[in-house]
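Q: I have a structure I would like to understand better, so I am pasting it below and will then ask my questions one at a time.
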Amino acid sequence: MRSELPQELLSAIARHWGFRELRPLQTDAMRAALAGRDSLVVLPTGGGKSLCYQAPALVRGGLTVVVSPLIALMKDQVDGLARNGIAAVRLDSSLTTDQWNTAIAAIRSGETRLAFVSPERLVNTATHQLLLAAGANAIAIDEAHCISHWGHDFRPEYRMLARLREFFPGAAVHAFTATATEQVRTDIAAQLNLYDPEILVGNFDRPNLTYRVLPQTDVISQIRDVLDRHRNEAGIVYCLRRADVDATTDALRRANYKAVPYHAGMSTEDRKRSHDAFSDESADIVVATIAFGMGIDRSNVRFVIHACVPQSIEHYQQETGRAGRDGLPSECVLMFSLADVMALKRIKEKSATEANVPPEQLQATKQQLEIMARYASGAVCRHRALVNHFGQNYDKPNCGACDICLGDTEDVPEATLLAQKILSCVARVKEGFGANHVIDVLRGASTEAIRSRGHDSLSTYGLLRTMEKPELRDYVFQLVGQGALSQSEGQYPVLQLTPTSWAIMKGQQTVKLIQRATPSTARPEKGTLPADSDPELFEVLRQLRRQNAIRLSVPPYQIFTDATLAEFARVRPTTPDRMRLVSGVGDVKLRDFGDAFLKTIANFARERGLATDLNPSREARSSSPPSAKISAAKQMSFALFRDGAAIEDVLHRTKLTRATLADHLAEFILRDKPESIFHWVPEAVCERVAAAAEQLGTGRLKPIFLALNEEVDYESIRIVIAFLESRKAL
Ligand code: ADP
Ligand code: ZN
């Protein structure tokens, strides 16, 4: 842990949360909080924002007020804090008079130093006077982008926060958001009147998420493919409309999946039932509309499926960000169709008219959707594309965690020629027809529409006769997504040519198209658990957690997160002291649950003859935590590599997993550009990989892995490719 923070704070974090290491930005954010300096902290979902305002509140004198947009989110945080032995209260419209009075008493007596307040309550005169009298000197604003029109989730009640300064003249204001576009950031600072704020922007990459985009075909069976790779794990399925949510939930239930619906058309009661079923783990899957997903959360979400297009990259980042908040590998699959894009545009237009939304705002909304569609149709690494969107660089040549880099997709041979055929057909039908008709002409179909217009005598008729319709459709929309073709607005969209189309037809520009390598057999390359964590013990511990959760009626993750259980299953502590060393075990949790878990672990280890009390890793996460700077673990690996330490040595000293270490080494090679890598990968192996890479390119690892008869592991391939890239750059 960095030493600049007062010991009192670090001890409080260790005692209550059981965290022994802070992520770099957390340290900076807490330093600003303790100094009473305004701040704007931008971290992706799962980046650990809540600790940044919760922990300082315990050691700084006075009261910290937290503003949050949803009652469910506030309740969740207050309950979670209680589990860690911290008294916090919330003030919102759902409280009974008794509850309200109890909360007020706790604030007045100074028994609590954290009050969660809804924005409309905060600006209420009686409330803010009460809070002021109780010594409110810091205001933390969660989901601060809700204040901005430019954000993707504007909430009118957040506008009232512009008057915060008036109400709390001496207090420091700390804004937190996961939305990083410059415009929104500037707007937040202006709206909240932040004074000389410390602006902290974290790394937007979420290395533990594997992203995939599939062309939408049979949605239900595509969803089931994903569910079947994640049996008994938690996930979210996003749909476009309420009716899609209901139909999808029904279909999944009929197939015996434990799914619950969640959308704005349900009664509050029904919605609460779904919410509770998902958070107490009696349901695995929640099916929600993209317009209404915010109140649902659980730290061990292992997959997020978009069965329709997200509204923007920001939405996508936030919605997929719900996966893997505990840092364990998780999967995000988007089933993309341009028809959804058109439908969503119409929905937006309709609601804009109804709500009198200014035309420029509607235009901005549509543009965000266009950018999303382009992402989905793109053929570059998904991690890179996302990180670039948020204005950051991505320096790994291969992420090892997206459909493009994992080799789920292959480049279509002679893509430019194929594109030229499609574009010529659009030109031949005089840019007056939709995708279906153009595809029919290209495939030489004999429809009434074709015969009546004489399109069966066009030179492009039947030019792509051998191609299946869905495949061809996919290519057409990849072209639209890349701007090589455009689709008109309105109810009957037609395909039109763009300047890029002409450049392609004239052979001045080439095109890249991708196809699925093996559609439904693609499997995530990483298991959910860290390699050395015992999966059976993990399951046993999950059951134990569930029993306790039911007994206490709390969500299981409030007892221990999956990351902590996974670490138990790896380290297998048998004494309270050893258990206390695992990240996520604070004093109160040890007291409440220590015995039961210790007993179960000891029995399991004895029966199976497993070693116990191994050394815990610094943070119970399988992948490096998000941070803009180099993490301590990485610095250590880098230093060892620089000394020429062998991989086994570094593994032993750092306790990292092999995959993470390969990541570190690849990054080290790119940064330091060492002369040789032969002491990490034998020369003969390097040569084989280099020869294969020359033929197959360095974009994807899988083709190389296959070309070398699966004899060279992915880690070594990765390291050699990094070396080749580092030479290129010289
Ligand atoms: P955000 O609010 O940014 O979406 P959270 O505050 O919910 O993120 O944190 C995400 C997860 O990371 C939680 O499970 C939390 O317990 C965990 N976490 C946060 N900080 C640390 C830390 N320093 N060490 C280990 N785990 C952490
Ligand atoms: Zn990638």
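Q: Which whole-number percentage describes the relative contact order of the stretch 7-201, with Cα contacts under 8 Å and a sequence gap of 6 or more?
A: Computed value for the stretch 7-201: 30 percent relative contact order.
Q: Also, quick follow-up: Once you have a ≥ b ≥ c as the square roots of the Cα gyration tensor eigenvalues for the stretch 632-728, tell me rounded if a/c is under 1.5, and otherwise prolate or oblate according to whether a/b is larger than b/c.
A: Prolate shape, in that a/c is at least 1.5 and a/b is the bigger ratio.
Q: May I ask for the net charge around Ser148, where only other residues with Cβ less than 12 Å from the Cβ of Ser148 are counted and Lys, Arg are +1 while Asp, Glu are -1?
A: Details: positive: Arg155, Arg159, Arg185; negative: Glu143, Asp153, Glu182, Asp187, Glu314.
With Lys, Arg at +1 and Asp, Glu at -1, the neighbours total -2.
Q: I need the peptides 212-219, 461-468, 386-393, 113-120 ranked by packing, meaning the mean over residues of other C-beta atoms within 10 angstrom, with the highest value on top. Don't jump to the answer; show the numbers that get you there.
A: Values: 212-219: 19.9, 461-468: 14.5, 386-393: 16.6, 113-120: 22.6.
By packing density, highest mean first, the sequence is 113-120, 212-219, 386-393, 461-468.
Q: How far apart, in nm, are the 7 Å Cα→Cβ label points at Arg453 and Glu414?
A: That separation, rounded to one decimal, is 2.7 nm.
Q: Normalising by the residue count of the stretch 465-608, find the relative contact order in percent from Cα pairs under 8 Å and 6+ residues apart.
A: Values: 106 pairs, mean separation 21.6, N = 144.
RCO, the stretch 465-608: 15 percent.
Q: Measuring from label point to label point, each 7 Å out along Cα→Cβ, what is the Glu687 to Glu4 span in nm?
A: The modelled label-to-label distance comes out at 5.0 nm.
Q: Here's a follow-up. Working from Cα positions, state the angle (0 to 90°, nearest 10) between the long axis of helix 469-481 and the longest principal axis of the chain.
A: Relative to the chain, helix 469-481 is tipped by roughly 70 degrees.
Q: If you don't mind, there's one more thing I want to ask. Distance in nm between label sites at Lys728 and Thr612, each 7 Å beyond Cα in the beta-carbon direction?
A: Reported label-point gap for Lys728 and Thr612 is 5.2 nm.
Q: Another one. How large is the dipole of the chain about the Cα centre if only Lys and Arg carry +1 and Asp and Glu carry -1, each at its Cβ, rounded to the nearest 20 debye? Don't skip to the end; give the middle numbers.
A: Details: 88 positive and 87 negative charges, 80 e Å.
Once rounded to the nearest 20, the dipole reads 380 debye.
Q: Just check the stretch 226-335 against the gyration tensor rule for me: Cα atoms, a ≥ b ≥ c as the square roots of the eigenvalues, rounded for a/c under 1.5, and otherwise prolate or oblate depending on whether a/b exceeds b/c.
A: Note, shape of the stretch 226-335 comes out rounded.
Q: Sticking with this one: Pop the C-beta distance of Asp649 and Ile220 into the FRET formula with R0 = 30 Å and round what comes out to the nearest 0.05.
A: 0.05
Q: For the stretch 200-208, in order, what is each residue's ³J(HN,Hα) by Karplus, 6.51 cos²θ - 1.76 cosθ + 1.60 with θ = phi - 60°, in whole Hz (x at glycine and Pro)?
A: These are the phi-based 3J(HN,Hα) values: 10, 10, x, 6, 8, 6, 10, x, 7 Hz.
Q: For the stretch 367-434, what percent of Cα pairs sit more than 16 Å apart?
A: Tail fraction, whole percent: 64.
Q: Magnitude of the Cβ-charge dipole of the stretch 535-608, K/R +1 and D/E -1, about the Cα centre, nearest 20 debye?
A: Using only the charged Cβ atoms, the result is roughly 100 debye.
Q: Continuing with the same structure: Apply 1/(1 + (r/R0)^6) to the Cβ-Cβ distance of Asp532 and Asp79, taking R0 = 35 Å, and write down the FRET efficiency to the nearest 0.05.
A: Taking R0 as 35 Å, the efficiency between Asp532 and Asp79 is 0.60.
Q: Determine the percent antiparallel among the DSSP beta bridges restricted to the chain, to the nearest 5.
A: Antiparallel bridges: around 10 percent, rounded to the nearest 5.
Q: Tell me which of Tyr475, Leu22, Pro6 sits at the most positive position along the dipole axis of the chain, charges placed on C-beta atoms (Lys, Arg +1; Asp, Glu -1).
A: Pro6
Q: How charged is the neighbourhood of Thr460? Take every other residue with its Cβ under 9 Å from the Cβ of Thr460, and add Lys/Arg as +1 and Asp/Glu as -1.
A: On the way: positive: Lys421, Arg428; negative: none.
So the surrounding residues net to +2.
Q: May I ask you to derive the FRET efficiency for Arg273 and Ser676 from their Cβ-Cβ distance with R0 = 56 Å, giving the value to the nearest 0.05?
A: That gives a FRET efficiency of 0.35.
Q: Next question. Determine the gain in length on full extension of the stretch Ala255-Gln543; use 0.36 nm per residue of separation and subtract their C-alpha separation, reporting nm with one decimal.
A: Stretched out fully, the Ala255 to Gln543 stretch lengthens by 101.3 nm.
Q: Tell me, what ³J(HN,Hα) does each residue in the stretch 298-306 have, in order and in whole Hz, if you take phi through Karplus 6.51 cos²θ - 1.76 cosθ + 1.60 with θ = phi - 60° and put x for Gly and Pro?
A: 6, 6, 9, 5, 9, 8, 10, 10, 9
Q: Okay, moving on. Using bins 10 angstrom wide from zero, how does P(r) for the chain break down, in % of all Cα pairs?
A: Values per bin, smallest distances first: 3, 13, 22, 25, 20, 11, 5, 1, 0.
Q: Please compute the contact order of the chain in relative form: average sequence separation of alpha-carbon pairs under 8 Å and at least six residues apart, divided by the residue count, as a percent.
A: 13
Q: What's the extension gain from Glu489 to Ala133 if we count 0.36 nm per residue and subtract their Cα-Cα distance?
A: Numbers: separation 356, 0.36 × 356 = 128.16 nm, distance 5.64 nm.
Roughly 122.5 nm would be gained on extension.
Q: Projected onto the charge dipole of the stretch 285-394 (+1 at Lys/Arg Cβ, -1 at Asp/Glu Cβ, origin at the Cα centre), which of Pro329, Gln392, Leu369 gives the Cα projection farthest towards the positive end?
A: Pro329
Q: Run the helix sum for the chain: -39,500 (n - 2.57) per DSSP H stretch of 4+ residues, divided by residue count, reported at 222 nm to the nearest 500 deg cm²/dmol.
A: About -14500 deg cm²/dmol.
Q: If one takes the longest principal axis of the Cα atoms in the chain, at what angle in degrees, from 0 to 90 and to the nearest 10, does the Cα axis of helix 97-108 lie?
A: Approximately 70 degrees, to the nearest 10.
Q: Is the C-alpha gyration tensor of the stretch 445-599 telling us rounded, prolate or oblate? Criteria: a/c under 1.5 is rounded; beyond that, a/b larger than b/c is prolate, otherwise oblate.
A: Numbers: a/c = 3.83, a/b = 3.52, b/c = 1.09.
Judged from the Cα gyration tensor, the stretch 445-599 comes out prolate (a/c at least 1.5, a/b above b/c).
Q: Work out how much length Thr102 to Asn393 would gain on full extension: take 0.36 nm times their residue separation and subtract the Cα-Cα distance, in nm to one decimal.
A: 99.8 nm
Q: Sticking with this one: Amide H to amide H, which residues 5 or more places from His149 or on other chains are under 5 Å from it, using H placed in the peptide plane?
A: none
All of the numbers you see were taken from the coordinates with simple rules; none came from a lab. On a predicted model such as this, the values are computed, not experimentally measured, just so you know. Reconstructed Cβ throughout: ideal geometry from the backbone, glycine too, with neighbour counts over all protein chains shown.
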